[in-house]
């Protein structure tokens, strides 16, 4: 039983950290209506930035703050230089653009900063937290708490006046223009906020595994999280993250030994497929029905 | 006119002969080209930068010291992104440019090009990657692992455990990335387990290894006496962290060769104290070759990369690979003469005897039958600031390793 609970708890914590990577995806979709396939690369880039700032001698917490500011600025730049040119283009072109960004950043950033894994020390010790024979990963515990805080902050943000404007822009660009909302500014802002979320995910995952290109592979579990939770739902990120993390921990915990191979990616793929087949808009996603 | 013709013909012939001789002489002294077509941007990025820098710096050193009997070396360096298709394209270009030796430092690319290099009769070196069965020289005449395969590495690590605390009755966990590379040592470990009466069990984790918590919960439940970790890149430091977080003594962790200073920094230099790894080449800058590289290549600003990498684990492995290749070229020039081609260089490799790169690596002897060079290595332990050897250069369980090599080579031969 302790083994099951351990898989459950650590899976939930890992899932919350996936949710952190997925948060930027949802923030952009919820605000701009754009599926951002570059989110994995943004997480990687954010981690590299913080590592680099730290290597210049900045204390880690200052490096994180400066990194967040820089990633916010990068998000604004992406809107100004790339996305603004895509206004009026089919959504598939915007998706391709973000995919291109993902590939570009995945090659460019390690090329500039060095491809070997870099250490990112947040001062989290390696000793486990043990509660009633259940070993909990200290880094995941802190990561999970940070994820919950950031997700809660995002939910509150969308209840503010600015958040409401972003939701309006996501609903209908033309109507937003008609009532005087700056669609460009809203989209830029959403990319900037997603950049800040990427710093959270990049720093926490980077502290666990080191900073290298493999951080960008967080895109895969992040996509599973948003598909399951609902691509436009922040509450969905939380629930989807927990579900993906728990299922991806508990099922392989029993199945791997039987099949002699790792089944976690299979579990994640099945989650994606089943959700699309059974509930395409996810658990909390909004189902848009259009009259034809 | 006739006189002119009579004078002219021998003169023209003489001139022609002189020209031809000059051409042959020039051709003789043309640089010997090695194609270092590696993965700088995808999966092997954790090692390629330092490894390739070591390779280039060694070739620069050889050139700075006058080459081999006046023959200089040229490295053709290109990125393959770990993609066989790009590897084939880069290989064809480098072949056209005259490369006679290739190192892809990528198992998929090396495997994809094995048949082609054997058809083209050029040399492919696969140090610490590629097919383990390429050690069978009669089946793979132009492929040279030149360093211990993963099977030999597992055998050397097992032998060290046997000599330091015994293996009998122990429980050994092989925690590995879920890929052919990760699973590779299992048959040899099972063979040794049968011979030494211990238990071994595999624990796979998904690629790239950035999240392994569920796997390590299961490992802890197994209560292993010894843990082997078989991964690469960031996944290795995650493995060590997870092991420690699950209460496993770092001193019981034994790693494949892909564990370096960067992993220690990621885990935390102190926390990783005690972890052991297989070592193919000595680290540090104290060996004569690396000392000369520092003096003649790095200090004059001719290094192919960051001076801070010089002497690191992967840098030194790169240096050693080229030391072996240049030694093969030297032997080939001595016995076969210039200009070198693939078959001559192959013959040079098979003449290598007790070569240790001036004390940098175990003495290797390559024969037409054994392209691995004996499968030597040693065990090194992280002492909090550096890797410290805790065993002598050795080879272990050669009959079990050889059985695996022969079985796989026979399967390859049967499929061709």
Among (1) surrounded by fewer than 24 Cβ atoms within 10 Å (Cβ to Cβ); (2) closer than 30 Å to residue B:251 by Cα, the one test that residue B:158 misses: (1)
Selected residue (only one of A:178, A:243 is away from every other protein chain (no Cβ under 12 Å) and closer than 23 Å to residue A:149 by Cα): A:243
Test result for residue B:187, in a helix (DSSP H, G or I) and either in contact (Cβ under 8 Å) with a residue 24 or more places away in the chain or facing another protein chain (nearest Cβ under 7 Å) (or both): yes
Residues being touching a helix residue (DSSP H, G or I) at 6+ places or on another chain (Cβ under 7 Å) and without any contact (Cβ under 8 Å) to a residue 24 or more places away in the chain - total across the stretch B:345-377: 3
Hey, residue A:134 away from chain B (no Cβ under 14 Å), closer than 30 Å to residue A:7 by Cα and surrounded by 14 or more Cβ atoms within 10 Å (Cβ to Cβ) or not: no
Any hit, the stretch B:139-149, residues being farther than 24 Å from residue B:320 by Cβ and part of a loop (DSSP other than H, G, I, E, B): yes
Residue in the stretch A:102-122 that is nearest to the chain's Cα centre (by Cα), counting only those that are assigned to a helix (DSSP H, G or I) and crowded, with 16+ Cβ neighbours inside 10 Å: A:102
Filtered residue count, the stretch A:212-228, keeping only those that are over 22 Å from residue B:238 (Cβ atoms) and under 13 Å from the mean Cα position of the chain (by Cα): 2
Residue among A:82, A:70 that alone is surrounded by 14 or more Cβ atoms within 10 Å (Cβ to Cβ) and modelled with pLDDT of 95 or more: A:70
Candidates A:175, A:222, filtered to the one that is part of a helix (DSSP H, G or I) and touching a residue at least 40 places away in the same chain (Cβ under 8 Å): A:222
Residues (more than 10 Å from chain A (Cβ to nearest Cβ), over 20 Å from residue B:130 (Cβ atoms) and touching a residue at least 40 places away in the same chain (Cβ under 8 Å)) located in the stretch B:252-262: B:254
Per-region count, the stretch A:244-286, residues within 18 Å of residue A:11 (Cα to Cα) and surrounded by 14 or more Cβ atoms within 10 Å (Cβ to Cβ): 24
Condition met for residue A:202 (under 12 Å from the mean Cα position of the chain (by Cα) and either buried (at least 22 other Cβ atoms within 10 Å of the Cβ) or away from chain B (no Cβ under 13 Å) (or both)): yes
Subset of the stretch B:263-283 [out of contact with any helix residue (DSSP H, G or I) (no Cβ under 7 Å at 6 or more places or on another chain) and either away from chain A (no Cβ under 12 Å) or outside any loop (DSSP other than H, G, I, E, B) (or both)]: B:264, B:265, B:276, B:277, B:279
Residue match in the stretch A:14-32 (condition: more than 17 Å from residue A:236 (Cα to Cα), in contact (Cβ under 8 Å) with a residue 12 or more places away in the chain and over 14 Å from the mean Cα position of the chain (by Cα)): yes
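The values are calculated or read from the model by the stated rules, or taken from the named source; none is laboratory data. Just so we're clear, the structure is a prediction, and the values are computed from it rather than from any experiment. Note that we place each Cβ from the backbone using ideal geometry, even for glycine, and neighbour counts take in every protein chain shown.
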